[in-house]
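Enquirer: So that we are looking at the same thing, I have put the structure below in C-alpha cells.
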C-alpha cells in the first residue's frame with residue numbers, strides 16, 4: 001500500500017462549552033453523524049482514554065468517496081493521530097493502529113505510511129522503504145463501487161485463488177524495494193468482476209496505458225483507476241487526455257507523499 005499526495009483535511013478543536021463530538025463536513029453527500037468514520041474514530045479515542053470532553057471537528061473532503069482510495073480510512077487515522085497530539089495522550093503508532101483496526105481494515109496502514117506491506121485483514125502492517133518516487137494519475141468515474149458488493153462478486157465469480165508468486169512473497173521480508181519491482185508484480189483480482197459490471201473502468205485503464213503509463217490498475221475495489229508515470233510532465237499530459245469529460249474526476253499526485261501531517 002502506498003500514499004499519494006491527494007488529501008482531505010481534518011481540523012480538531014477542544015470545545016470547553018460542551019461535552020459532545022460535533023462534526024461538520026463540507027460534502028453534503030457524506031453524513032456527519034455517528035456513522036461517519038471521523039466521528040467513530042474520535043469516539044473510540046475518547047473511550048480508550050476514559051475521558052468525556054467536547055470536540056469540534058471539521059472535515060474537508062477532496063478524496064472521492066467510494067473510490068477505492070482509502071479516503072475514509074485516512075480521515076479516521078488522521079482523527080486518531082490528531083486527538084492523540086491535541087490531548088498529549090502519548091500513544092505509539094502501534095496503539096493507534098490497534099484502535100484504527102476496529103474502525104476499518106485500511107486504517108492501520110496510515111500509521112506506517114508512506115509505504116507498507118499489508119496482509120491479513122489489514123492488521124498485519126510492515127513499513128518498507130520504496131527507493132524512488134513516481135507520479136500517479138487518478139481517474140474517478142464519478143460513481144462509487146460498494147466494497148461489500150465487490151467482494152460478493154469476486155467470491156461468486158472466480159474459480160480459485162492463485163497463490164502469491166515467490167517474488168511477491170519475498171516482499172514480506174524485504175526492507176526496501178523499487179517501483180520497477182513493484183510494477184512487475186502488480187495485479188488486482190477485483191478487476192474481473194468490477195470491469196464486467198462497469199466497462200468504462202476498463203476503458204479508462206486502457207486509455208491510461210495508451211497515454212504512456214508504466215502501470216494502470218483498478219485501485220482497491222474501485223471505482224478509481226490509477227496510472228503510474230515516471231515523470232510529472234507525462235502524468236499531466238495523460239491527465240489532460242481525460243479533461244473535458246465532465247463525468248470524470250482526474251487528479252495528478254506524487255507518490256511517497258509521506259506520513260499523516262499534523263499542523
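Enquirer: Condition (residue is out of contact with any helix residue (DSSP H, G or I) (no Cβ under 6 Å at 6 or more places or on another chain), closer than 22 Å to residue 252 by Cβ, part of a loop (DSSP other than H, G, I, E, B) and at pLDDT 95 or above) applied to the stretch 45-61: is it met by at least one residue?
Expert: yes
Enquirer: Search the stretch 29-47 for residues that are under 14 Å from residue 73 (Cβ atoms) and not assigned by TED's automatic domain parsing to the domain that holds residue 101 and pair each with any residue that is part of a loop (DSSP other than H, G, I, E, B) and modelled with pLDDT of 95 or more when their beta-carbon atoms are under 8 Å apart and the residues are at least 6 apart or on different chains.
Expert: Filtered contacts from the stretch 29-47: no entries.
Enquirer: Working only within the stretch 237-253, note down all residues that are touching a strand residue (DSSP E or B) at 6+ places or on another chain (Cβ under 7 Å), in a helix (DSSP H, G or I) and over 29 Å from residue 157 (Cβ atoms).
Expert: Matches in the stretch 237-253: 238, 239.
Enquirer: Sticking with this structure for a sec: So residue 234 clears everything in (1) outside any helix (DSSP H, G or I); (2) in contact (Cβ under 8 Å) with a residue 24 or more places away in the chain except one condition, right? Which one?
Expert: For residue 234, the exception is condition (1).
Enquirer: A further question follows. Kindly indicate whether any position in the stretch 182-191 is over 30 Å from residue 247 (Cα atoms), in the same structural domain as residue 244 (by TED's automatic domain parsing), under 18 Å from the mean Cα position of the chain (by Cα) and at pLDDT below 95.
Expert: Yes, because at least one residue in the stretch 182-191 is over 30 Å from residue 247 (Cα atoms), in the same structural domain as residue 244 (by TED's automatic domain parsing), under 18 Å from the mean Cα position of the chain (by Cα) and at pLDDT below 95.
Enquirer: Does residue 195 satisfy the condition of being in contact with a helix residue (DSSP H, G or I) (Cβ under 7 Å, 6 or more places away or on another chain), outside any loop (DSSP other than H, G, I, E, B) and modelled with pLDDT of 95 or more?
Expert: When the stated conditions are applied, residue 195 passes them.
Enquirer: Hey, can you tell me all the residues within the stretch 24-68 that are out of contact with any strand residue (DSSP E or B) (no Cβ under 8 Å at 6 or more places or on another chain) and at positive phi?
Expert: If the condition is that a residue be out of contact with any strand residue (DSSP E or B) (no Cβ under 8 Å at 6 or more places or on another chain) and at positive phi, then 50, 66 are the ones that fit.
Enquirer: Another question, if that's okay. Would you confirm whether or not the stretch 149-160 contains a residue that is closer than 23 Å to residue 3 by Cβ and either surrounded by 13 or more Cβ atoms within 10 Å (Cβ to Cβ) or not assigned by TED's automatic domain parsing to the domain that holds residue 70 (or both)?
Expert: Yes, the stretch 149-160 contains at least one residue that is closer than 23 Å to residue 3 by Cβ and either surrounded by 13 or more Cβ atoms within 10 Å (Cβ to Cβ) or not assigned by TED's automatic domain parsing to the domain that holds residue 70 (or both).
Enquirer: What single numbered condition from (1) in contact (Cβ under 8 Å) with a residue 24 or more places away in the chain; (2) surrounded by fewer than 16 Cβ atoms within 10 Å (Cβ to Cβ) fails to hold for residue 184?
Expert: Result: residue 184 passes all but (1).
Enquirer: Is it fair to say residue 215 is under 21 Å from residue 67 (Cα atoms), in contact with a strand residue (DSSP E or B) (Cβ under 6 Å, 6 or more places away or on another chain), free of Cβ contacts under 8 Å to residues at least 60 places away in the same chain and surrounded by fewer than 16 Cβ atoms within 10 Å (Cβ to Cβ)?
Expert: Spelling it out, it is not the case that residue 215 is under 21 Å from residue 67 (Cα atoms), in contact with a strand residue (DSSP E or B) (Cβ under 6 Å, 6 or more places away or on another chain), free of Cβ contacts under 8 Å to residues at least 60 places away in the same chain and surrounded by fewer than 16 Cβ atoms within 10 Å (Cβ to Cβ).
Enquirer: Could you count how many residues in the stretch 46-58 are surrounded by 23 or more Cβ atoms within 10 Å (Cβ to Cβ) and within 21 Å of the chain's Cα centre (by Cα)? Show your work before the answer.
Expert: Narrowing the stretch 46-58 to residues surrounded by 23 or more Cβ atoms within 10 Å (Cβ to Cβ): 55, 57.
Of the ones still in play, those that are also within 21 Å of the chain's Cα centre (by Cα) are 57.
Residues meeting the conditions: 1.
Enquirer: Starting from residues that are within 13 Å of residue 139 (Cα to Cα) and touching a strand residue (DSSP E or B) at 6+ places or on another chain (Cβ under 8 Å), keep the ones in the stretch 187-206 and report whichever is surrounded by the most Cβ atoms within 10 Å (Cβ to Cβ).
Expert: 204
The values are calculated or read from the model by the stated rules, or taken from the named source; none is laboratory data. On a predicted model such as this, the values are computed, not experimentally measured, just so you know. We place every Cβ from the backbone using ideal geometry, glycine too, and count neighbours over all the protein chains shown.
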